[in-house]
1. Tell me which residues, restricted to segment 89-143, are of a type in the set (D, E, K, R), farther than 20 Å from LEU64 by Cβ and out of contact with any helix residue (DSSP H, G or I) (no Cβ under 9 Å at 6 or more places or on another chain).
2. For ILE53, state whether it is farther than 20 Å from GLN147 by Cα, at pLDDT below 70 and either in contact with a Lys or Arg (Cβ under 8 Å, 6 or more places away or on another chain) or part of a strand (DSSP E or B) (or both).
3. Please tell me if VAL143 is of a type in the set (A, V, I, L, M), within 15 Å of the chain's Cα centre (by Cα) and surrounded by fewer than 18 Cβ atoms within 10 Å (Cβ to Cβ).
4. For residues that are surrounded by fewer than 21 Cβ atoms within 10 Å (Cβ to Cβ) and in a strand (DSSP E or B), scanning just segment 153-172, find the one that is modelled with the lowest pLDDT.
5. Restricting to segment 73-106, count the residues that are at pLDDT below 90 and more than 16 Å from GLN147 (Cα to Cα).
Amino acid sequence: MFRYLVYICFLSICLMSCKYRPHDEKQRDREPVERTAINSETQIDHRSKENTIRMEKENGVYYLPIEVNDVPMRFIFDTGASVISISLTEAYFLYKQGKLTDEDILGTAQYQDANGVISEGQIIRLRKVCIGNRVIHNVEASVVNNQVAPLLLGQSVLGKFGKISIDYKRLEISFE
């Protein structure tokens, strides 16, 4: 099933680059940061340093830099999304780079968007999601059957944190 999805994606995007990945060398080659690992069985260490991330605001939408399986991406902060969501383009890119495997494909599900439209999408496992100095393992995500769908940071990640604070004036978000 996933091979079919990859084949369709490959034909439709013809190796176009992902617009949500950083394209400048400064972002791509940044130094690694110290991270605190968490997963579904492990709680966040609240004694660790505060995790504050700079947001970008574009047309009233807030974006966060996040690494998925060691690939830097730019997600929309979306408290209304139930899961982290990526497009076919991003899924194909991760698959092509070996960052997403057949074992990470968990099945399909029906999703309802903000307009009430119900569509089918793939459920995948993201082995590693890095938000600032925190790492979350084995996060459930959806692949939207749309090549240009935005990357959404939803509750499957946000729910792992006890408290989220947003400073709109400084364009910063803190995860505790």
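The values are calculated or read from the model by the stated rules, or taken from the named source; none is laboratory data. None of these values were measured; they are calculated from a predicted model. Ideal geometry is used to build each Cβ from the backbone, glycine not excepted, and the neighbour counts take in all protein chains shown.
1. GLU103, ASP113, GLU120
2. In short, no.
3. Judged against the criteria, VAL143 is not a match.
4. ILE164
5. Going through segment 73-106 one residue at a time, the tally reaches 5.
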